[in-house]
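**Student:** Please see the structure below; I have some questions.
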There are 2 protein chains.
Amino acid sequence: MDTGGSSESPAELKKAKSKTPRKPKESILKQKSPAEFFAENKNIAGFDNPGKCLYTTVREFVENSLDSAESVSELPVVEVTIEEIGKRQFNSMIGLVDRERVDAALYDDYETDKARERRLAKEARAQEIQAKYASLGKKVKEATASKGIKGRGEASFYRVTCKDNGKEMPHDDIPNMFGRVLSGTKYGLKQTRGKFGLSAKMALIWSKMSTGLPIEISSAMKGQNYVSFCRLDIDIHRNIPHVYSHEKRKNKDRWRGAEIQVVIEGNWTTYRSKILHYMRQMAVITPYAQFLFKFLSDAPDKNVTIRFARRTDVMPPVPLEMKHHPSSVDLLLIKRLITETTKLNLLQFLQHEFVNISRSYAERLIGEMGPDFNPKMAVKSLTSQQIVRVHQLFRQAKFDDPSGDCLSPAGEYNLRLGIIKELHLDMVATYSGSAQVFEGHPFIVKAGVSVGGKDVKQGLNIFRFANRILLLFEQGSDVVTRTALKRINWSSYKINQMQDKIGVFVSIVSTKIPFKGTGKEYIGDDISEIAAAVKSAIQ
Amino acid sequence: MDTGGSSESPAELKKAKSKTPRKPKESILKQKSPAEFFAENKNIAGFDNPGKCLYTTVREFVENSLDSAESVSELPVVEVTIEEIGKRQFNSMIGLVDRERVDAALYDDYETDKARERRLAKEARAQEIQAKYASLGKKVKEATASKGIKGRGEASFYRVTCKDNGKEMPHDDIPNMFGRVLSGTKYGLKQTRGKFGLSAKMALIWSKMSTGLPIEISSAMKGQNYVSFCRLDIDIHRNIPHVYSHEKRKNKDRWRGAEIQVVIEGNWTTYRSKILHYMRQMAVITPYAQFLFKFLSDAPDKNVTIRFARRTDVMPPVPLEMKHHPSSVDLLLIKRLITETTKLNLLQFLQHEFVNISRSYAERLIGEMGPDFNPKMAVKSLTSQQIVRVHQLFRQAKFDDPSGDCLSPAGEYNLRLGIIKELHLDMVATYSGSAQVFEGHPFIVKAGVSVGGKDVKQGLNIFRFANRILLLFEQGSDVVTRTALKRINWSSYKINQMQDKIGVFVSIVSTKIPFKGTGKEYIGDDISEIAAAVKSAIQ
């Protein structure tokens, strides 16, 4: 840690300092690495508890795979496998001898003989009742059956593997791509599923916290005679990769794609339905992808294999990286663009680094800035005051709205197809809005409303998608839910909001989805442009 | 940026590399500083839009001041001033000549003469109507009066100043305390209002984005003959302080305390009521503090001065820093504790670095770990496998719950006092639970229920506090709201949930408040221990 500004303090300070000695231990300034920050606040990235960690890991891997395949215009093929690993197996993996309990009373789930007797009697009664109900053909909540003694501590471990046909990773970049928080290639201004440069890295941090096992990455280019393999984890304190193995292996089958594997603590029992729901919904919104999902364990009856076939070869266009809209930039961003631009003078800078500023409009803007500006002045020589002037004019001047060309909605056809196929619906109406704008970011809202269907519950069933990812949590606060529940008069469409099986599908795409939180779980209700567009799309 | 793990790659990689030249521009790995991350995702810290930025800035300053005064056992005295700064004044502050519009058609709020005529006619009509209603003594929504033409762009600037009698800051530390994101002194395990080491720094980042003006900090110790003064901002890209001025000034009046001042874009009009509400609620929960709030502008009728007098000298005890509970630590944390401990052997480490492990219990635990462990072994020599074994045993073994001694609830007396005084209530019942535990973190829930009162609306009015801060946003998702609305049978208390004026006050304190998001706006509904405790406290 350097001392920052202290070098700038005048000389007399040093004298003063020697007179008033600092008390020791009074204030210990600590600097945290971004990796430490996210390790300690993992809930803000959707890693709240072991079950949700498993869910979010799957989700991040799947969404990375889709982004990756789409970025090279490949129809995505994604295979996710979750393998349950017993504690004994886990311990043998890390070379730890599994020990029998010796001092039984030390354990949280320790029962005295008497307590055990009482519990078993209670369980027997519960089973009797259940058997009786079952014979009557009634369903009893599973919870009635005792779960037995559940120690708070017994962790469940899972190996999560995700394999895709996406973009290869340059061999030498792999450690830095995975072993640093806040590093990544997704930082341009375009529509992507992931956005925070966290994604897979949170899974890596969680594996360090829960199992201590590194992740494994394999990647191979088309026609490449080797597979890049890397086993690594993150040095959390320094936020740098810690590489165990990084090598080129023979690529016998000329395999092409990427695979990532991580061993984490999780909870399949409580998150099974969320994960399966997620996979099915992703199939709805991504009908041009092929998914294979497997859950493997020692108990064959618990195992799951689900395949979602590709239902169309029509893939939405690859989202383009776009320039900033002048009305959406802040002071910091203008300064950064000035630092990074290759343009020399102010006129070229305005014309080329922003959308919707033509050469003649740039000239008018410069004229309006005042006498100390001129088109030929070196853009990198602008003073702070001058940059404020540019910023103020950007905020006040009129610009055409950005176009939605850089966006890639799932396509009305795809959304309709996905909904019909997955939910076995009777009727579906879909609608696609034109591009609109908030804070200089274009967005498009598409909606589908269905009535009836096999797998749909009574009442409103709301399905929310943003940049083609599914939003599952925090439904109550989301702009889509609130609009569908409160701002739509369903009866005017002859729909009974309580009894009919209504499906509402809303998909929003934008270069900037205003998620609340990095967990990417819901979109705030407070952006009126989006709320209005959602309303009209559903209508 | 260094290359991280690539130094560890075997020599043959270098040969392979020369054969397959990397494509240029294919993947550009970027590394972001934590300051850049939070600048780009400022909404996760509660800086969603200019209005909310103003609100969150006030809130962070007030909460820092309270924490600071309490940490030195001073009864807090906090003065917040918001000064509105017109654009002309702002420009003169930064040395920018205010320019008249020349090319009027360039502006977003440009009206043709015809449009202007139409608007003025409409406004005149609206005013007539309003005058008519006013003469009838009726109140008309202000919105009916036209706000005139409202350009999207016209920004409002505010100088926010917060002065307190809190802990002084060591002169040399000031730049690093404010000029780095993720650096701070609040990282110990204890109950604090702030937690992320962001707080004031987000205001600093927002000032850089919106006005480009640095912040100013003054701080003086008791009996110190100088005031430390520092003007600085953050070099966002490098996450280091950029110091404009750092000096010791004469302290004539022997002032003691701290003052922070920032100039930011904001929106008083839309956030006025939220900010005033916040100040009033803080007075409820902090009756031992004295608050002065001022809003100053060029229009004297808009100005606000509110003083909340101290109503008690009883201050809750200062929260203590506490050791970790063995059932709440993860692998990473155990490794960090091993790195940082001054204890030499395993026995001492277990006994002194955790709560609720006595010497004899530590011996039993070590016995249970297996034959390759012994009490005298050097704790820093533990292998990764051995640490996993310790972790597993921590998860499975039984430990007493942590005590609530380290917590400092507002005190039942204080809560009751605050509620009665501020809301002019008819009746209030308060209850304080005993310390409970989730994931190894102790928490205490206190609740108050009031009926009637002067400033209370009909129906349920829910006031939520966590570690003595007020939660204003995302009310619908919070555990307190959900419990009060859905899990309490009000009629059994002879209370009509719809018609009576009911106030529900719930305060939760813990060493770890499971906030969703860094905005500290709500506590998730998914932690059953907390939900149950809230329910029983309200009952």
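**Student:** Of B:GLY223, B:GLY212, which residue is under 30 Å from B:LYS87 (Cβ atoms) and assigned to a loop (DSSP other than H, G, I, E, B)?
**Tutor:** Step by step, each of B:GLY223, B:GLY212 is checked, and only B:GLY212 is under 30 Å from B:LYS87 (Cβ atoms) and assigned to a loop (DSSP other than H, G, I, E, B).
**Student:** Looking only at residues that are open to solvent by less than 40 Å² (accessible area, probe 1.4 Å) and either of a type in the set (Lys, Arg) or in a loop (DSSP other than H, G, I, E, B) (or both) in the stretch A:317-331, which one is nearest to the other protein chains (Cβ to nearest Cβ)?
**Tutor:** A:ASP330
**Student:** Would you point out the residue of the stretch A:167-191, among those that are part of a loop (DSSP other than H, G, I, E, B) and surrounded by 24 or more Cβ atoms within 10 Å (Cβ to Cβ), that is modelled with the lowest pLDDT?
**Tutor:** A:GLN191
**Student:** Looking at B:LEU54 and the list (1) within 14 Å of another protein chain (Cβ to nearest Cβ); (2) within 19 Å of the chain's Cα centre (by Cα), which single condition is not satisfied?
**Tutor:** Unmet condition: (1).
**Student:** Scan A:GLU26, A:GLU63 and give me the residue that is open to solvent by 20 Å² or more (accessible area, probe 1.4 Å) and either within 26 Å of B:PHE37 (Cα to Cα) or modelled with pLDDT under 85 (or both).
**Tutor:** After ruling out the rest, the residue left standing is A:GLU26.
**Student:** Where residues in the stretch A:146-166 are modelled with pLDDT of 90 or more and more than 14 Å from every other protein chain (Cβ to nearest Cβ), which of them is farthest from A:ARG118 (Cα to Cα)?
**Tutor:** Within the stretch A:146-166, the match that is farthest from A:ARG118 (Cα to Cα) is A:ASN165.
**Student:** Follow-up. Starting from the stretch A:248-264, keep only residues that are on the phi > 0 side of the Ramachandran plot, then list their pairs with residues that are in a strand (DSSP E or B) and surrounded by fewer than 21 Cβ atoms within 10 Å (Cβ to Cβ) whose Cβ atoms are within a distance under 9 Å, requiring at least 6 positions of separation or different chains.
**Tutor:** These pairs meet every condition: A:GLY257/A:VAL77; A:GLY257/A:LYS163; A:GLY257/A:SER218.
**Student:** Taking the condition closer than 30 Å to B:PHE38 by Cβ and either in contact with a helix residue (DSSP H, G or I) (Cβ under 8 Å, 6 or more places away or on another chain) or assigned to a loop (DSSP other than H, G, I, E, B) (or both), does A:LEU350 pass?
**Tutor:** In short, yes.
**Student:** Assess whether B:TYR271 counts as being within 24 Å of B:ALA203 (Cα to Cα), open to solvent by 10 Å² or more (accessible area, probe 1.4 Å), aromatic (Phe, Trp, Tyr) and assigned by TED's automatic domain parsing to the domain that holds B:GLU79.
**Tutor:** So B:TYR271 passes the test.
**Student:** Okay, moving on. Restrict the check to the stretch A:400-410 and report whether at least one residue is surrounded by fewer than 19 Cβ atoms within 10 Å (Cβ to Cβ) and at pLDDT 75 or above.
**Tutor:** Yes, some residue in the stretch A:400-410 is surrounded by fewer than 19 Cβ atoms within 10 Å (Cβ to Cβ) and at pLDDT 75 or above.
**Student:** Moving to a separate point now. Name the residues in the stretch A:62-94 that are among the small types (Gly, Ala, Ser) and within 14 Å of chain B (Cβ to nearest Cβ), would you?
**Tutor:** A:SER68, A:SER71, A:GLY86, A:SER92
To keep it simple, each residue is scored yes or no on (1) within 14 Å of chain B (Cβ to nearest Cβ); (2) part of a strand (DSSP E or B); (3) at pLDDT 90 or above.
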| position | (1), (2), (3) |
| --- | --- |
| A:LEU232 | yes, yes, yes |
| A:HIS242 | yes, yes, yes |
| A:VAL262 | no, yes, yes |
| A:GLU265 | yes, yes, yes |
| A:ARG272 | no, no, yes |
| A:MET279 | no, no, yes |
| A:PRO287 | no, no, no |
| A:PHE291 | no, yes, yes |
| A:MET315 | no, no, no |
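**Student:** Would you tally the residues in the stretch A:37-58 being outside any helix (DSSP H, G or I) and surrounded by fewer than 24 Cβ atoms within 10 Å (Cβ to Cβ)?
**Tutor:** The total comes to 4.
**Student:** I'd like the full set of residues that are touching a strand residue (DSSP E or B) at 6+ places or on another chain (Cβ under 6 Å) and among the hydroxyl-bearing types (Ser, Thr, Tyr), limited to the stretch A:218-271.
**Tutor:** Answer for the stretch A:218-271, where residues must be touching a strand residue (DSSP E or B) at 6+ places or on another chain (Cβ under 6 Å) and among the hydroxyl-bearing types (Ser, Thr, Tyr): A:SER218, A:SER219, A:TYR226, A:SER228, A:TYR244, A:SER245.
**Student:** I would also like to ask the following. B:MET427 fails exactly one of the following numbered conditions: (1) among the hydrophobic types (A, V, I, L, M, F, W, C); (2) at pLDDT 65 or above; (3) open to solvent by 70 Å² or more (accessible area, probe 1.4 Å). What is the number of that condition?
**Tutor:** (2)
**Student:** If I filter the stretch A:78-88 for residues that are within 17 Å of A:GLN281 (Cα to Cα) and open to solvent by 30 Å² or more (accessible area, probe 1.4 Å), do I get at least one hit?
**Tutor:** yes
**Student:** What residue, of B:VAL284, B:VAL263, is hydrophobic (A, V, I, L, M, F, W, C), within 25 Å of the chain's Cα centre (by Cα) and under 30 Å from A:VAL388 (Cα atoms)?
**Tutor:** B:VAL263
**Student:** If a residue must be crowded, with 17+ Cβ neighbours inside 10 Å and within 14 Å of another protein chain (Cβ to nearest Cβ), how many such residues does the stretch A:244-260 contain?
**Tutor:** 4
**Student:** Residues in the stretch A:351-382 that are closer than 20 Å to B:SER210 by Cα and within 9 Å of chain B (Cβ to nearest Cβ): how many?
**Tutor:** Qualifying residue count for the region: 1.
The values are calculated or read from the model by the stated rules, or taken from the named source; none is laboratory data. From a predicted model like this one, the values you see are computed outputs, not experimental measurements. Neighbour counts run over all protein chains shown; Cβ positions are idealised from the backbone, glycine included. Protein only, heavy atoms only, side chains kept; ligands, DNA and RNA dropped before computing areas. Shrake-Rupley method; radii C 1.70, N 1.55, O 1.52, S 1.80 Å.
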